[in-house]
1. Sort the following peptides by mean Cβ neighbour count (other Cβ atoms within 10 Å, averaged over residues), highest first: 201-208, 139-146.
2. Mind checking Rg over Rh on segment 126-183, alpha carbons, Kirkwood formula for Rh?
3. Quick check: pseudo-label points 7 Å beyond the Cα along Cα→Cβ at residue 170 and residue 219, how many nm apart are they?
């Protein structure tokens, strides 16, 4: 009988990276003509709000609906080229030093590292490779004839995160009861409850209250550091695609939801 192993599952935004991994790409998309200046301004505002408070569950659902409408018809190769050219400059300086140290500790103790994010797989994968992660799970977009259809094949959010973790554990022989998980958001409660050792990182208000009630460890990460000063990317060229569309979708939906509430 094969002996089960343990893994450490990490959320990405505000857990491993200091900001939203998707919101950061609004300017490169603007420079390449995929979005207009108004979307860039909304993205900047949404980035500020996200840093202060994060997006709640209702906002994330609006983000999903906005994403399906926004990216319909975008050329996959164009998006891939834009993200590949800008990924390291944009994301690399945002990684928390404390997260890289924690990843290293888990690896030294023999655990596999898995990044699980609502961001798209095409951006989660290269970031995970830079971190030295074993696997990654992210949102998957549908492509038809080289273009995005505007549909989402798998939305890696909420209960879906836990489902994907359980499937990965079954495939690779992970003992979830002996595994660890890290996240900042109450929307990742299913992810945290799926393992035997949950820990919250920079938690939002709801998750902080819950963590205190349940006696879960609470960590505060505050020191972004360049990944290139800690890790070297794997040898193959990074190929990234659709998730960065979420940059604009997230920006627009978050801005809209907050702006509308303020006008009431």
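No lab work stands behind these numbers, since they all come straight from the coordinates. Given the structure is predicted, the values throughout are model-derived calculations rather than measurements. Reconstructed Cβ throughout: ideal geometry from the backbone, glycine too, with neighbour counts over all protein chains shown.
1. 201-208, 139-146
2. For segment 126-183, the value is 1.04.
3. Simple spin-label model gives 2.9 nm for this pair.
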